[in-house]
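Here, each number is a calculation from the coordinates, and none is a lab measurement. Bear in mind the structure is a predicted one, so any value in this text is a computation, not a measurement. Using ideal geometry, Cβ is built from the backbone for each residue, glycine included, and neighbour counts are taken over all protein chains shown.
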Amino acid sequence: MKNKILKLLLILILVLSVSCSDNDDDGQIVVDYAGSANYFINNETTKDLILIFEKTEELGSEIDTTTVISSNISLLILEDSVIGLNPLPEDSFEEIEVYEASNLSDPLLTFSPVNNEDWTITSQELGDSGFGLTSHEIILTDSILD
């Protein structure tokens, strides 16, 4: 009986040592490339604005609010980053509502769903991998809000 247990133990040790041999990566560092995005709202209206937006399910479906965006100010409203892709507005937002700061009961404008085409890329810093930081912006004007 002891001999059988000893043989089984020896086989188990042999199997484990073979399965735990060196990986094929030869000790190389594995790099997971990620992209990131900054989203800006440029308020070129004559009104002070507040945005209420819902993030996508991947970002927890959280609802967030900006501080007051004064007239002629561009404000960063969200930073997003994802391993394996450069996020786009549709990846980050479900809905954006634009309100006049003095009236939060009736939105002036709603983006639902949020479309990539509504945003302008203002800068892009991509590395050799094709991943990096992209800044997106929506310009709000009085004519758009009316």
Spin-label point model (7 Å from Cα, Cβ direction): what's the Thr46 to Ser112 distance in nm?
2.9 nm
Contour minus Cα-Cα distance for Glu57 and Thr122 (0.36 nm per residue):
20.8 nm
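Taking R0 as 30 Å, what FRET efficiency do you get between Asn103 and Leu133 from their Cβ-Cβ distance, rounded to the nearest 0.05?
The pair Asn103/Leu133 has a calculated efficiency of 0.30.
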Please provide three numbers in whole Å: the alpha-carbon extents of the range 34-145 along the principal axes, with the largest listed first.
45, 27, 22
Place a label point 7 angstrom from the Cα of Ala34 along the Cα-to-Cβ direction, then list the residues of the range 68-85 whose backbone nitrogen is under 14 Å away.
79-85
